[in-house]
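The values are calculated or read from the model by the stated rules, or taken from the named source; none is laboratory data. Since the structure is predicted, the reported quantities are computational estimates derived from the model, not experimental observations. Ideal geometry is used to build each Cβ from the backbone, glycine not excepted, and the neighbour counts take in all protein chains shown.
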Amino acid sequence: MQRTTREEGWRAKEVHLRELLLAGLAGDNPAYQVFLTELSAHLRAFLRKRLARLPDEVEDLVQESLIAVHNQRHTYDAGQPLSAWVQAIARYKLVDLLRRRAAQDVLNDPLDDEADFFSTADAQAAEARRDLNKLLDELPDQHRLPIIHTKLEGLSVQEAAKLTGMSESAIKVGVHRGLKALAARIRGSA
C-alpha cells in the first residue's frame, strides 16, 4: 500500500468536502450536515493556529465562520477550490474579531494617571513648530513665503502668488528650492 503525501491528503479532503457541499446545494441535507461538521474541524484547526493568544475566541469564530459559509453558500463557484473560498470567509471573520478587540482595547484603556491625559504631544508639537520656524527664518523670502503659504497654510499656488506678488512659477520654484535648502540644513550639510 502506497503512502499518500500531505498534498495528496489535502487534495482528498478538498475533493471530499467539495462533493459534500455540492450535494448539499443540490438538496441532500444529510450530506450538507456532514459537510458543516467536517468543515468545523478544519476551521477550528485553521483558527486555533492564528488565535494562539486568544484561545477563548476560537470556538466563537468557528461558529461565526460556519454561519457565514452557510449564508454565502450560494456564492460558491464549483470551478474554484473550496478551501480558498472557506479560508477567505474565515479570514474576514478573523479580521473582524481583531478589529473589534482593538477597538475594545482602545475604549477600555484606563486613564490611571491623569498626567498621561495631558501628554507631552502638545509640547513636542510646539517644539517642532519652533524648530521649523527657526529653519524657515534662515531662508530668503522667495523660498520661505511660498513654503509658508502653500505647505503650512494650505493655499493654492495661485493664491500664494496673489498674496506675495510673485508669479505662479516663482512660487513653485521657491517651494522646491526652499524645501531642498531646508532638507540640507536639517542634514547639516549647509
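So which residues in the stretch 3-52 are small (G, A, S), more than 19 Å from L94 (Cα to Cα) and surrounded by fewer than 15 Cβ atoms within 10 Å (Cβ to Cβ)?
Selection gives G9, A12, A26, G27.
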Margin query: So, in the stretch 36-51, how many residues would count as being of a type in the set (A, V, I, L, M, F, W, C) and closer than 19 Å to G24 by Cα?
Written below: 4
Checklist line | Candidate set: the stretch 131-188, residues that are in a loop (DSSP other than H, G, I, E, B) and touching a helix residue (DSSP H, G or I) at 6+ places or on another chain (Cβ under 9 Å); chosen: the one modelled with the lowest pLDDT | finding: E153
Next item on the list: Name the residue, out of E19, E38, E14, E59, that is in contact (Cβ under 8 Å) with a residue 24 or more places away in the chain and not aliphatic (A, V, I, L, M).
Entry: E14
Next item on the list: For the stretch 150-172, name all the residues that are in contact (Cβ under 8 Å) with a residue 24 or more places away in the chain and over 18 Å from R130 (Cα atoms).
Entry: T150, M166, A170, I171, K172
Next item on the list: Sort out which residues of the stretch 55-85 are surrounded by 15 or more Cβ atoms within 10 Å (Cβ to Cβ) and part of a loop (DSSP other than H, G, I, E, B), and write them in order of number.
Entry: Y76
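Okay, residues lined up against (1) modelled with pLDDT under 80; (2) among the β-branched types (V, I, T); (3) in contact with a strand residue (DSSP E or B) (Cβ under 8 Å, 6 or more places away or on another chain):
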position	(1), (2), (3)
D60	no, no, no
L66	no, no, no
Y76	no, no, no
I89	no, yes, no
V95	no, yes, no
N108	yes, no, no
A123	yes, no, no
R129	yes, no, no
